[in-house]
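Written out below as structure tokens is the structure these notes cover.
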Amino acid sequence: MSRRKPLFVPCYFGPIDQFAYIVQHDSILFESSEHYQKQSFRNRQEISSANGKLKLSIPIKHIPGKKNTHQVLKDVRIENDFKWQKEHFRSMQIAYQTAPFFEFFEDDLRPLYQTNYTYLMDFNLACFDTLCHILDLPIAYETTQSYSLQKDDHIDQRNLAEAKRAPSLAMEEYDQVFMERHGFMSNLSILDLVFNLGNASTAYLKALTKGKDLRL
């Protein structure tokens, strides 16, 4: 009997609970053939800022006469007429300049915000590759060639890309840069965890799913 691979949607530095499940595996699938869904972590990450939770959204190129929801994810293009990369990177610098590990990883992230990407999926996969490099995670991945609703073919974790949902795991509190002002903010971008915990992030992520049934 073949082993079923877990299936995720590639996100823009997705939420912590998504990565808590990802790090349990050495090989995963990334969805590329679904219809793109707006207002999700596909083109958004949420970070901590002096004013509370800050949403950083990648602008998507509109196709005349065609709604974004009708686009296949792998075909969704980024609207690079906006200076979103400069704005996002600067927002992270301002928000995390006092975080313990920001300066250690700043140069690893910088190229992502200095290179123009045409397709959202290519950028998101580059974000994933960068994170795996930062945390030394040997996770191999493939992308789907067609869309399937059949959950028997895989462990379906695509719902973790949705922004309007409660965290799927109870989050153990860790020190955040604006914790004294806003309290602990749960399930932010994986970068919030990395900037605050550094290489201890992997152990934190694995602890979140301790006792969960992850068998394929």
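Coordinate-derived values only; no laboratory data. Remember, it's a predicted structure, so these values are computed and weren't measured experimentally. Note: ideal-geometry Cβ built from the backbone for every residue, glycine included; neighbour counts use all protein chains shown.
Measuring between their Cα centroids, segment 99-129 and segment 14-89 lie 13 Å from each other.
Sparsely packed loop sites in segment 150-201 (the trypsin sites (Lys or Arg not before Pro) outside DSSP H, G, I, E and B with at most 11 other Cβ atoms within 10 Å) comprise Lys164. Cβ crowding within 10 Å, taken as a proxy for footprinting-reagent exposure, orders Asp17, Asp175 from fewest neighbours to most as Asp175, Asp17.
Along the chain, the longest continuous region that contains none of the GluC sites (Glu not before Pro) in a DSSP loop with at most 15 other C-beta atoms within 10 Å is 80-171.
The distance between label points at Asp153 and Glu172 comes to 3.7 nm (points 7 Å beyond Cα on the Cα→Cβ vector). Here the calculated FRET efficiency for Ile63 and Asp136, from their Cβ-Cβ distance with R0 = 45 Å, stands at 0.70, rounded to the nearest 0.05. Only one of (i) 34, 21, 16; (ii) 26, 23, 15; (iii) 61, 25, 16 was calculated from the structure for semi-axes √(5λ) of the Cα gyration tensor in Å, and its label is (ii).
Residues in segment 80-91 carry Karplus couplings, in order, of 8, 5, 8, 8, 5, 5, 4, 5, 5, 5, 5, 4 Hz; the curve used is 6.51 cos²θ - 1.76 cosθ + 1.60 with θ = phi - 60°, and Gly or Pro positions show x.
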